[in-house]
Amino acid sequence: MSSPVKLPGQHYLNAAYGIKSWLLTTDHKRIAWLYLASITLFFFVGGFFAVLIRLELMTPQGDLVEAETYNKLFTMHGLFMIFFFLIPSIPAVLGNFLVPMMIGAPDLAFPRLNLASWYIYIAGATLALVAAVTGGVDTGWTFYTPYSSIYSNTNVVLAALGIFITGFSSILTGINFIVTIHKMRAPGLTWFRLPLFIWAHYATSIIMVLGTPVLAVTIVLVAIERIFRIGFFDPALGGDPVLFQHLFWFYSHPAVYIMILPGMGVISELVTCFSRKRIFGYSFVAFSSLAIAVVGFLVWGHHMFVSSQSVYASMIFSILSFVVAVPSAIKVFNWTATLYKGSISLQTPMLYALGFIGLFTIGGMTGLALAALGLDVHVHDTYFVVAHFHYIMVGGMVMAYLGGLHFWWPKMTGRMYPEWWGRLSALIIFVGFNLAFFPQFLLGYLGMPRRYHAYPEEFQVLNVMSSAGASILGIGYLIPMIYFIWSMRYGAQAGPNPWQAKGLEWQTPSPPPTENFPITPVVTEDAYAYSQEEAAVV
Amino acid sequence: MWEGFPLFPESASTIAGTVDRLYFFLIGVAIFFSLLIGSLVFIFAIKYRRRTENETPRPIVGSLKLELVWTIIPFILAMIMYAQGVSVYFETSRPPSGAMEIYVVGKQWMWKLQHPNGRREINELHVPVGMPIKLTMTSEDVIHSFYVPAFRIKMDVLPGRYTTTWFQATKTGRFHLFCAEYCGTKHSGMIGWVIVMEPSDFEEWLRTTPPPAAPRGLAGERPPLPVRPGESLAAVGERLFQQLGCNSCHLPEPGGQGPPLTGIFGRRITLEGGETVVADETYLRESIINPMAKIVSGYPPIMPPFQGKLTEEELVELIEYIKSLGRGERTTSQP
Ligand code: HEM
Ligand SMILES: [Cu+2]
């Protein structure tokens, strides 16, 4: 080692050596690394498919790949990004690392179950990868029947099995978090002293535990219809073609909140730390997470306004969708108000957080256009929807994930990333993202349907803009990947609390020892008590 | 590349303007809030940037008044948007009575369209301007979705049931018709045109242009019924009705082995077991292909199922024939 570093002598990273010490670890911090490595892999797998999709769409004729190949590309892009990247990203990496540390516990409640969750995840993802390389799937990540159950002649069952298995990993992680948060808080850490990151993970875990089984059952039904020709969805076999959509969205709409709630938790942490202020309206932010989790279960029918669902059902799903937008708005206003009269430092994590606020606002506001019945009829299943959910999932969730990763990187590795490069890549990502996805709103309102491999000429200009933006975005994602790896060896030493942040995880060395805290901390103040220090000094 | 680069779709139906107005309202609100949040974030980030390493600002923990303001205002705005969305939706989902009826059959990967007078088209739909057109749609295989951006209409086309939508074109021209629900390999090739014509041109088109040899799909062993030029859907349906032997049980008057079909369309039917259903297109279709599913009270369950023996077009012809036997009173306000 060349750089003169003085990391703590003993910590979780050097507590044991060898591949076995990683693959059989029950330390939540090491398991977080296992997840980090695997979801990064799948992010780039999904990203690779995205590159091909955007290349194909540079020209209207659809001349780069065959229609069938294109259909497999967008299906696998969606599958990998959603099930193997977005859903596990923040909970399984940052959540795993931080939930015990933030509540002053030595580990999760069930460490071995935690390791098992990772193996289950890997098993499911491997099956999906096998399905992808041995012929692919072409149903779209939504698997709509009867196309998926009868008509598609691709690897539907294998891919579905992969997702089915991965679902158990979510369920187990959710149970583990819930029990840990209930039972293992440090003395003095009452519910209303919890960091908002914990509240967000608590709400997310509820959705994981209650929603995922429905997806599992649905997938099994598709497989049964495919293999044994027992009719659930195909009317020719006596089934109902729309039933699948109800079951699927009953999980998958709440699943979009599995993706975004943890991101909101991260943003709450970043905004307070880099403004050195307690979050504005702590309990409103905390309860809005729970409200989103609960109401989020009641809005699935807004994906089905033109599916022949009854007009009255649509009216109810529509009003509930508008209602669920309100807690999201509350959070945005509270983050903004937290900045007011703060002491704001625009370091990389904060740049990501501010970017998140902007993009999430646009994503959420356009969600209202989709919740509005008569308007959704026109934009449903067009690029407008594609733009909307990328603003939420990529503009929102991925920004939050990267912001969080930069923020806690010193804690995880004991070293800093290079700040200048960090800010540069945050900027590139923001610009590239908007150029890639904003044109898609226009395309969608113009009427370009999604999942089109070839398209009429008049849509070309906007598509080319989008592809150009996507390449900038891709570069933006590669830069952190490189400097993170670099920093593990050459980064400056971080010290226990490089950001002067509040929160228990900053009160232990970086990287922390295996048991997290040498002595169990006792909590005597509210979360984010940045100014009590001042009071003490005065 | 830049020629014909539009930023906004053409509006060519009576509801297009209404949908656009709702869109502008929503986008206006979205732009307002995005700019508001964006500029506040920007201004705060500059104005309150950290000046010394150790500064700690005074805490502002919250304000119930503010929380209420930014909960209630978005809520009210959301309810206004909701109400407008509903009113547009009602407009798009209720065809006016007296609309011209056209049948649509989606199939991987083409649109098959049938005019009431028997005229058939593939991937092209000719309609007169200024006349409400009601589409009754079904699919032969998977779920498709009938989408005409210039009209701002879209409706899924499902196997095993009929869905409807409607439009009234306000100008002549050619407008894209897309399939918007992913339906397999050539999903993006399942596109066509709606061709809106002056009524007189439309009459002319109906009379003069020879209909293309529309392929009649085959179902089961039975040879397809040849369609005579100029024969209406109901007339073909009537011949089919006789060829299949339906008329041996369904006599015009009571007394046959099966219920008489005169005036049945739209009437409320009492089933074995006391339940009632409205005899709409979906009910008639089901009763033909799978008669055991809903048995009419007072008749023995002896009708043979026609599942797999009729194409979707033939089912449409039979239903048109049954409709032509007269309508019952609609007893519900089914939207
Ligand atoms: C909070 C984070 C959100 C995420 C992660 C998210 C994600 C998504 C995704 C993935 C889809 C695409 C489904 C498809 O493949 O068809 C979608 C569609 C939709 N979203 Fe969101 N969304 C979020 C917020 C919202 C909000 C706040 C609203 C409304 C108030 C909303 C309303 C809708 C509607 C109505 C659709 C269906 C659109 C259609 O298919 O026509 N979403 N969203
Ligand atoms: Cu289709």
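The values are calculated or read from the model by the stated rules, or taken from the named source; none is laboratory data. For clarity, every value in this text was computed on a predicted model and none was experimentally measured. Positions of Cβ are backbone-derived with ideal geometry, glycine not excepted, and every protein chain shown enters the neighbour counts. Accessible surface areas use protein heavy atoms only, side chains included; no ligands, DNA or RNA. Shrake-Rupley method; radii C 1.70, N 1.55, O 1.52, S 1.80 Å.
Observations, loosely collected:
- Taken per residue, the accessible surface of the range B:30-97 reaches 62 Å², heavy atoms only and a 1.4 Å probe.
- Using distinct alpha-carbon pairs, which all enter the 1/r mean, Kirkwood radius of the range A:206-341 in Å: 17.0
- Of all DSSP beta bridges in the protein assembly as shown, antiparallel share, percent nearest 5: 70
- Partners of A:LYS72 within straight-line reach, counting lysines whose Cα lies under 17 Å from its Cα and excluding those fewer than 8 residues away in the same chain: B:LYS186.
- Under 5 Å from the amide H of B:LYS294 lies no amide H of any residue 5 or more positions distant or on a separate chain, with H modelled from the backbone and absent for Pro and chain starts.
- Think of chain A as having a plus end and a minus end, set by charges on the Cβ of Lys, Arg, Asp and Glu; of A:VAL379, A:SER510, A:GLY78, A:SER510 sits farthest toward the positive end of this dipole.
- For the range A:375-471, the residue among A:GLN440, A:TRP408, A:HIS453 whose Cα projects farthest onto the positive side of the dipole built from Cβ charges is A:TRP408.
- Database remark: amide H of A:HIS453 closer than 5 angstrom to the amide H of B:SER188 (H placed geometrically; neighbours at sequence offset of 5 or more, or on other chains; Pro and chain starts carry no H).
- Rounded to the nearest 20, the size of the Cβ-charge dipole of the range B:25-113 about its Cα centre is 280 debye, with Lys and Arg at +1 and Asp and Glu at -1.
- The mean accessible area for residues of the range B:233-303, using a 1.4 Å probe and ignoring ligands and nucleic acids, is 48 Å² per residue.
- Chain B: most fluctuating residue of B:PRO291, B:PRO57, B:PRO223 per GNM, C-alpha cutoff 10 Å: B:PRO57
- Potential extension, A:SER21-A:SER283 segment - 0.36 nm per residue separation minus Cα distance: 90.2 nm
- Think of the protein assembly as shown as a dipole: +1 on every Lys or Arg Cβ, -1 on every Asp or Glu Cβ, centred on the Cα centre; then among A:ALA494, B:PHE178, A:PRO213, A:ALA494 lies furthest on the positive end.
- Mean partner shielding of peptide B:71-83, defined as the number of other chain Cβ atoms within 10 Å of each residue Cβ, is 5.
- Carbon plus sulfur fraction of accessible area for chain B, probe 1.4 Å, in percent: 61
- Rounded if a/c under 1.5, otherwise prolate or oblate - chain A, Cα gyration tensor axes: prolate
- Counts of other chain beta carbons within 10 angstrom of each beta carbon in peptide A:339-351 average 5.
- Interface area, chains B and A: about 8000 Å² of buried accessible surface, summed, with a 1.4 Å probe and ligands, DNA and RNA left out.
- Cross-link pairs beyond the 20 Å C-alpha cut-off, checked among A:LYS29/A:LYS331; B:LYS154/B:LYS309; B:LYS171/B:LYS323; B:LYS107/B:LYS154; A:LYS502/B:LYS65: A:LYS29/A:LYS331; B:LYS154/B:LYS309; B:LYS171/B:LYS323; A:LYS502/B:LYS65
- Counting only DSSP beta bridges with both residues in the range B:65-139, the antiparallel share comes to about 55 percent.
- Solvent-accessible area, 1.4 Å probe, carbon plus sulfur percent, for the range A:180-290: 73
- Rounded to the nearest whole Hz, the Karplus-based 3J(HN,Hα) values (6.51 cos²θ - 1.76 cosθ + 1.60, θ = phi - 60°) of the range B:189-194 follow the sequence x, 8, 10, x, 10, 9, with x at glycine and proline.
- Built amide H within the under 5 Å cut-off of B:ILE153, gap 5+: B:VAL148
- Helix A:156-183 axis, angle to chain A major axis (alpha carbon atoms, nearest 10°): 30
- Net charge of the neighbourhood of B:GLN84, taken over other residues with C-beta under 13 Å away and scored Lys/Arg +1, Asp/Glu -1, is -2.
- Shape of the range A:269-420, Cα gyration tensor, a/c cut at 1.5: prolate
- For chain A, calculated [θ]222 nm from helices alone, where every DSSP H run of n ≥ 4 adds -39500 (n - 2.57): -21000 deg cm²/dmol
- Å² per residue, accessible surface of chain A at 1.4 Å: 32
- Shielding score for B:35-48, defined as the mean number of other chain Cβ atoms within 10 Å: 6
- Cα-Cα pairs of the range A:385-471 separated by more than 14 Å (percent): 70
- The range B:101-234 - Rg and Dmax from Cα coordinates, angstrom: 14.6, 45
- Summed over qualifying helices (DSSP H, 4 residues or more, each -39500 (n - 2.57)) and divided by its residue number, chain B shows a 222 nm mean residue ellipticity of -10500 deg cm²/dmol.
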